[in-house]
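The values are calculated or read from the model by the stated rules, or taken from the named source; none is laboratory data. Keep in mind that this is a model prediction, so the values were computed, not measured. All Cβ positions, even for glycine, are placed from backbone atoms using ideal geometry, and neighbour counts span all protein chains on display.
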Amino acid sequence: MTTHADLLFTGGPVHLGNAARSRASAVAVKGERIVAVGHDELRELVGPATEVVDLGGRLLVPGFQDAHVHPVGAGVELGQCDLTETVDVEEYRRRIAAYAAANPDRPWITGGGWSMESFPGGAPDRAFLDAIVPDRPVYLANRDHHGAWANSRALELAGIDARTPDPVDGRIERDADGVPTGMLQEGAMHLVAAVVPDTTREERLAGLLRAQGVLHSLGITAWQDALVGTNPVMGDASTAYADALDADLLTARVVGALWWSRERGAEQIDDLLGAREAMTRGGFRATSVKIMQDGIAENHTAAMISPYGPGCGCRNAGDHRGLSFVDPEALKEHVTALDAHGFQVHFHALGDRAVREALDAIEVARHKNGLTDGRHHLAHLQVVHPDDVARFRALGATANIQALWAAHEPQMDELTIPFLGPERSAWQYPFGSLLRTGAVLAAGSDWPVSSADPILGIHVAVNRVEPDTDGPVFYADERIDLGSALAAYTSGTAYVNHLDDTGTIAVGNLADLAVLDRDPFDGPAADIWDTHVEQTFVGGARVFAR
């Protein structure tokens, strides 16, 4: 007797996402799982209760997965003063004023998403904010969340003045007289963030649900939250997941990367073990640990092997090499211990020295613990020294790419390339080199730092040009093909997330799927960006329909 499918996709094409990159034209689902993959013969699985989805030439792909994202913070910020999707200073002025007027009872004006390229040297000043909101403190994180903009009232409440020393992991920007300008870099953000009223549990849950809706609308069925735990900049996302699980509202599959506090050492591992046990349930697993090894290039906190060039305009130019937030020798010990406890380590490693320090730590862990199934990964990888590219495959370290950043745009061309110089600039985002050496690529967005749309990231990975532009190609040798880019956002991230029954369309796998409005393989690479998601399914359940 034929068992009827609950759901049948037919009329293909279907991109299976397997090693052969083979195609089918029909997929049958029963319950949460795929029960058949094939062609017209699957019609026999249609019964009275079967829902038939006629693809009509639209492409069915494995659900996208985001390997590095901050959904709770992104969702909360969408409900605050939102400065994203523009670089116009006058638009910032209008939005800040409108938000302050619409929220007269809020004691602080918070939010963010402004771009460094909007201001000379990437650093706005407090006077701009003072003129708009003179009576209440204002604290606005920038697009990458490695810096924040505060007005005079916020600095006053935080006790920051000309006598306040820079923290060891950050910098207070100052004028010629040493007076803080209102721009706070890296750890200096914490000085103000510590006095900003915390978001409520209800606000964090609302933020998560708002973000989950956005991510599902982009075909994303699973992600790794790159910061779960107490953090003075992004807040604590853990309660949002707990509350969503309690209310049966989490429809995605999520791995939480527990925050490694750089103010503490190995003594925090017991706390992380306890958090893993307490938080792992349902669709959420707290099995990764996030170690932020350096900052970002634009504010000169990325850890570099050679000094920043004179084009950086930073203090001690010609000798400044950025910051390693965790001592490299201690990092080796911490990673070895975490690996032995069965944790995955999720590194923020942007500069070439931070990348090398992370790989060195994994190498020591491999030597002491042997091969484990940690599937450690390094995120961002803006500058990778050529000597370290082949080490990813050799050490089993996954390259976690944020492909949307690998293009010419003002922040790159005006704030980064001038101090990197021509040789190091060519080492940026080496996707093609990593792939050619056999490294596993996973992909993420770092949303709200940049768009969460995987299609846009795939477009840049293939073209090395921003979507819907015809600008110069950003180091053409590092382009990758469409199939490899798609794999990074599906099977590559599924591998990192230990979701081995997702990421490809195969019998027995979970039916985590996305329907695209067209087949991008059939058109020119320059048009990939114009592809859109029409439907998203998690475990055979529709979670989004356009």
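Would you point out which residue out of LEU59, LEU8 is over 30 Å from PHE119 (Cβ atoms) and touching a residue at least 60 places away in the same chain (Cβ under 8 Å)? Show your work before the answer.
Working: LEU8 fails: touching a residue at least 60 places away in the same chain (Cβ under 8 Å).
Every option except LEU59 fails the conditions.
One residue stands out in the range 460-493 among those that are closer than 18 Å to THR398 by Cα and either in the same structural domain as TRP114 (by TED's automatic domain parsing) or hydroxyl-bearing (Ser, Thr, Tyr) (or both): the one that is farthest from the chain's Cα centre (by Cα), namely SER484.
Of all residues in the range 112-145, those satisfying the criterion of being over 13 Å from MET183 (Cβ atoms), at pLDDT 90 or above and not aliphatic (A, V, I, L, M) are ASP130, PRO134, ASP135, ARG136, PRO137. When restricted to residues that are aliphatic (A, V, I, L, M) and touching a residue at least 40 places away in the same chain (Cβ under 8 Å), the range 11-26 contains 3. Of all the criteria given as (1) of a type outside the set (Gly, Ala, Ser); (2) assigned by TED's automatic domain parsing to the domain that holds MET189; (3) without any contact (Cβ under 8 Å) to a residue 40 or more places away in the chain, the one not satisfied by THR86 is (2). Annotation: ALA257 fulfils all but one of (1) over 20 Å from VAL538 (Cβ atoms); (2) surrounded by fewer than 17 Cβ atoms within 10 Å (Cβ to Cβ); (3) not assigned by TED's automatic domain parsing to the domain that holds ASN151; the unmet one is (2). Within the range 46-58, restricting attention to residues that are charged (D, E, K, R) and not in a loop (DSSP other than H, G, I, E, B), the residue that is nearest to GLN535 (Cα to Cα) is ASP54. Counting only helices (runs of 4 or more DSSP H) wholly contained in the range 175-246, the ones carrying 1 or more residues that are basic (Lys, Arg) occupy 201-217. Just so you know, in the range 460-490 the residues that are farther than 22 Å from THR221 by Cβ and polar (S, T, N, Q) include one that is surrounded by the most Cβ atoms within 10 Å (Cβ to Cβ), and it is ASN463. Pairs meeting the criteria (first residue in the range 38-56 and exposed (fewer than 13 other Cβ atoms within 10 Å of the Cβ), second residue at pLDDT 95 or above and charged (D, E, K, R), beta carbons under 8 Å, at least 6 apart or on different chains) are ALA49/ASP6.
When the residues of the range 185-198 are filtered to those that are touching an Asp or Glu at 6+ places or on another chain (Cβ under 9 Å) and of a type outside the set (D, E, K, R), which remaining residue is surrounded by the fewest Cβ atoms within 10 Å (Cβ to Cβ)?
Filtering the range 185-198 for residues touching an Asp or Glu at 6+ places or on another chain (Cβ under 9 Å) gives 185-188, 190, 198.
Restricting the remaining residues to those that are of a type outside the set (D, E, K, R) gives 185, 187-188, 190.
Working: GLN185: 26, GLY187: 23, ALA188: 24, HIS190: 18.
The qualifying residue surrounded by the fewest Cβ atoms within 10 Å (Cβ to Cβ) is HIS190.
Here is a yes/no grid of residues against (1) β-branched (Val, Ile, Thr); (2) within 29 Å of MET412 (Cα to Cα); (3) outside any loop (DSSP other than H, G, I, E, B):
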site	(1), (2), (3)
ALA461	no, yes, yes
PRO467	no, yes, no
PHE474	no, yes, no
THR490	yes, yes, yes
THR493	yes, yes, yes
ALA506	no, no, no
ALA526	no, yes, yes
ARG542	no, no, yes
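Residues in the range 492-501 that are surrounded by fewer than 24 Cβ atoms within 10 Å (Cβ to Cβ), in contact with a strand residue (DSSP E or B) (Cβ under 8 Å, 6 or more places away or on another chain) and either at negative phi or free of Cβ contacts under 8 Å to residues at least 40 places away in the same chain (or both): TYR495, LEU499, ASP501. Could you check, for the range 274-295, whether at least one of its residues is in contact with a Cys (Cβ under 9 Å, 6 or more places away or on another chain), at pLDDT below 95 and assigned by TED's automatic domain parsing to the domain that holds THR239? Checked against the condition, which is being in contact with a Cys (Cβ under 9 Å, 6 or more places away or on another chain), at pLDDT below 95 and assigned by TED's automatic domain parsing to the domain that holds THR239, the range 274-295 yields no hits at all. Restricting the range 194-219 to residues that are out of contact with any Phe, Trp or Tyr (no Cβ under 7 Å at 6 or more places or on another chain) and of a type in the set (Gly, Ala, Ser) leaves a set whose member that is farthest from ASP125 (Cα to Cα) is GLY213. Selection of the range 59-95 for residues being assigned to a loop (DSSP other than H, G, I, E, B) and either closer than 30 Å to VAL507 by Cβ or not aliphatic (A, V, I, L, M) (or both) yields LEU59, GLY63, HIS70, GLY79, GLN80, THR84, GLU85, THR86, ASP88. Considering only the range 220-243, I want to know if a residue exists there that is touching a strand residue (DSSP E or B) at 6+ places or on another chain (Cβ under 7 Å), surrounded by fewer than 22 Cβ atoms within 10 Å (Cβ to Cβ) and at pLDDT 95 or above. Scanning the range 220-243 turns up no residue that is touching a strand residue (DSSP E or B) at 6+ places or on another chain (Cβ under 7 Å), surrounded by fewer than 22 Cβ atoms within 10 Å (Cβ to Cβ) and at pLDDT 95 or above.
Hey, any hits in the range 133-143 for a residue that's out of contact with any Lys or Arg (no Cβ under 6 Å at 6 or more places or on another chain), under 21 Å from ILE296 (Cα atoms), of a type in the set (Val, Ile, Thr) and outside any helix (DSSP H, G or I)? If you could, list the steps in order and put the result at the bottom.
First, pick out the residues of the range 133-143 that are out of contact with any Lys or Arg (no Cβ under 6 Å at 6 or more places or on another chain): 133-136, 138-143.
Filter again for under 21 Å from ILE296 (Cα atoms), leaving 139-143.
From what is left, the residues that are of a type in the set (Val, Ile, Thr) are none.
Taking every residue of the range 133-143 in turn, none turns out to be out of contact with any Lys or Arg (no Cβ under 6 Å at 6 or more places or on another chain), under 21 Å from ILE296 (Cα atoms), of a type in the set (Val, Ile, Thr) and outside any helix (DSSP H, G or I).
Are any residues in the range 41-82 charged (D, E, K, R) and at pLDDT 95 or above, and if so, which ones?
Keep residues of the range 41-82 that are charged (D, E, K, R), which gives 41, 43-44, 51, 54, 58, 66, 77, 82.
Hits for the range 41-82 are GLU41, ARG43, GLU44, GLU51, ASP54, ARG58, ASP66.
Residues in the range 96-132 that are closer than 17 Å to GLU203 by Cβ and in a loop (DSSP other than H, G, I, E, B): ASN103, ASP105, ARG106, PRO107, TRP108.
Condition first: out of contact with any helix residue (DSSP H, G or I) (no Cβ under 9 Å at 6 or more places or on another chain) and within 30 Å of LEU350 (Cβ to Cβ). Can you find one or more residues in the range 130-141 that meet it?
So in the range 130-141, the residues out of contact with any helix residue (DSSP H, G or I) (no Cβ under 9 Å at 6 or more places or on another chain) come out as none.
Scanning the range 130-141, I find no residue that is out of contact with any helix residue (DSSP H, G or I) (no Cβ under 9 Å at 6 or more places or on another chain) and within 30 Å of LEU350 (Cβ to Cβ), so the answer is no.
When you check ASP271 against the structure, is it surrounded by 20 or more Cβ atoms within 10 Å (Cβ to Cβ), within 25 Å of LEU331 (Cα to Cα) and either at pLDDT 95 or above or assigned by TED's automatic domain parsing to the domain that holds ARG58 (or both), yes or no? Criteria not met by ASP271.
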